[in-house]
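Undergrad: Following this message is one structure expressed as structure tokens.
The values are calculated or read from the model by the stated rules, or taken from the named source; none is laboratory data. Predicted, not measured: the structure shown is a model, and the values here were computed from it. Here the Cβ positions follow ideal geometry from the backbone for every residue, glycine too, while neighbour counts run over all protein chains shown. What goes into the accessible areas is simple: the full protein's heavy atoms, side chains included, and nothing from ligands, DNA or RNA. Shrake-Rupley method; radii C 1.70, N 1.55, O 1.52, S 1.80 Å.
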Amino acid sequence: MPQLEASPKLEQELNFHSDEYKDAYSRINAIVIEGEQEAYENYIQLAELLPDHGEELIRLSKMESRHKKGFEACGRNLEVTPDMDFAREFFAQLHQNFQDALAEGKVVTCLLIQSLIIECFAIAAYNIYIPVADDFARKITEGVVKDEYSHLNFGEEWLKANFEAARAELEEANKQNLPIVWQMLNQVADDARVLAMEKDALVEDFMIAYGEALSNIGFTTRDIMRMSAYGLKA
Ligand code: Y39
Ligand code: FE
Ligand code: FE
Ligand code: FE
């Protein structure tokens with residue numbers, strides 16, 4: 001008989017009420033709540049940088065604040081208290097880089113951080129979570145992930161329309177921020193695995209979404225390979 005490899009936890013083996021699950025959920029749920037809150041603030045600030053798109057960006061910010069409420073309900077439903085201090089720390093570097101770029105009026109860098117990197121992170125995480133979520137959280141997350149594609153699309157369209165002017169700043173912002181994403185993923189890999197979310201799957205889905213976005217904006221395959229390699233050096 002062949003030996004079975006250690007495999008990801010099957011959905012039916014997950015006990016959403018175990019101490020182990022709830023402990024991991026207190027951090028992952030907090031990350032998502034904090035991420036949605038920061039995304040809400042980031043789109044309001046982007047609306048100020050891009051007044052021509054102000055109405056649309058305010059609409060996106062309102063979606064983020066609805067997402068936050070949805071995920072807060074997911075935590076309450078499992079009787080988990082989100083560890084918000086952990087989550088603020090988790091986002092601190094990306095948050096700081098966004099704030100620094102904002103202060104310098106670097107809209108391209110702000111869009112890369114929020115609308116490409118953070119949205120692709122969300123898309124990867126939510127798609128991997130949906131099949132292993134509890135029924136309540138699955139319904140919430142299915143609604144949310146559809147919105148995240150529209151947020152990514154906003155960034156893609158704006159950066160595509162401004163590609164030649166944005167290109168050098170995008171490359172620099174990618175170099176500064178992509179390694180941070182891998183550090184963030186490494187920090188939560190153990191907790192994610194308790195929720196049956198495998199790090200390899202998260203990395204794969206992130207890179208597919210991010211690579212597609214860079215391609216839609218106008219980068220060549222060669223550019224994308226070079227830009228993706230920055231992550232690996234983290
Ligand atoms: O645009 C958005 O709504 C993004 C803020 C939300 C980010 C969610 C970050 C999810 C990371 C979860 C890591 C789980 C392994
Ligand atoms: Fe802040
Ligand atoms: Fe969101
Ligand atoms: Fe979003």
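Undergrad: Which residue is surrounded by the most Cβ atoms within 10 Å (Cβ to Cβ), if the candidates are limited to the range 88-106 and must be of a type outside the set (S, T, N, Q), in a helix (DSSP H, G or I) and away from ligand 4 (no atom under 16 Å from the Cβ)?
TA: The extreme case among them is A101.
Undergrad: Against the conditions (1) loosely packed, with under 15 Cβ neighbours inside 10 Å; (2) touching a Cys at 6+ places or on another chain (Cβ under 8 Å), where does A209 fall short? Just the number, please.
TA: So the condition that A209 fails would be (1).
Undergrad: Here's something else I'd like to know. Out of L49, L4, L10, L14, which single residue is modelled with pLDDT under 95 and open to solvent by less than 60 Å² (accessible area, probe 1.4 Å)? It would help to see each step written out before you state the result.
TA: Values: L49 fails: modelled with pLDDT under 95; L4 fails: open to solvent by less than 60 Å² (accessible area, probe 1.4 Å); L10 fails: open to solvent by less than 60 Å² (accessible area, probe 1.4 Å).
Exactly one of L49, L4, L10, L14 is modelled with pLDDT under 95 and open to solvent by less than 60 Å² (accessible area, probe 1.4 Å), namely L14.
Undergrad: Further question on the same structure: Does N177 fit the bill of being out of contact with any helix residue (DSSP H, G or I) (no Cβ under 8 Å at 6 or more places or on another chain) and within 26 Å of A229 (Cβ to Cβ)? Don't jump to the end; show me each part of the working.
TA: On the way: out of contact with any helix residue (DSSP H, G or I) (no Cβ under 8 Å at 6 or more places or on another chain): no; within 26 Å of A229 (Cβ to Cβ): yes.
In short, no.
Undergrad: Moving on. With E148, E169, E198, E142 as the choices, which residue is surrounded by 16 or more Cβ atoms within 10 Å (Cβ to Cβ) and within 16 Å of ligand 3 (Cβ to nearest atom)? Walk me through it before giving the result.
TA: Details: E169 fails: within 16 Å of ligand 3 (Cβ to nearest atom); E198 fails: within 16 Å of ligand 3 (Cβ to nearest atom); E142 fails: surrounded by 16 or more Cβ atoms within 10 Å (Cβ to Cβ).
Going through E148, E169, E198, E142 in turn, the sole match is E148.
Undergrad: Let me ask something else about it. Please determine, by comparing only the residues of the range 68-87 that are of a type in the set (D, E) and part of a helix (DSSP H, G or I), which one is surrounded by the fewest Cβ atoms within 10 Å (Cβ to Cβ). Don't jump to the end; show me each part of the working.
TA: Residues of the range 68-87 that are of a type in the set (D, E), as a first pass: 72, 79, 83, 85.
Next, only the ones that are part of a helix (DSSP H, G or I) stay: 72, 85.
Working: E72: 18, D85: 10.
Residue satisfying both the conditions and the ranking: D85.
Undergrad: Which of the residues spanning the range 28-43 are among the hydrophobic types (A, V, I, L, M, F, W, C), open to solvent by less than 10 Å² (accessible area, probe 1.4 Å) and over 11 Å from the mean Cα position of the chain (by Cα)?
TA: Residues of the range 28-43 that are among the hydrophobic types (A, V, I, L, M, F, W, C), as a first pass: 28, 30-33, 39.
In the following step, the residues that additionally are open to solvent by less than 10 Å² (accessible area, probe 1.4 Å) were identified as 30, 33, 39.
Result: A30, I33.
Undergrad: Only one of G75, G54 is free of Cβ contacts under 8 Å to residues at least 40 places away in the same chain, away from ligand 2 (no atom under 16 Å from the Cβ) and more than 18 Å from the chain's Cα centre (by Cα); which?
TA: When all the criteria are applied, what remains is G54.
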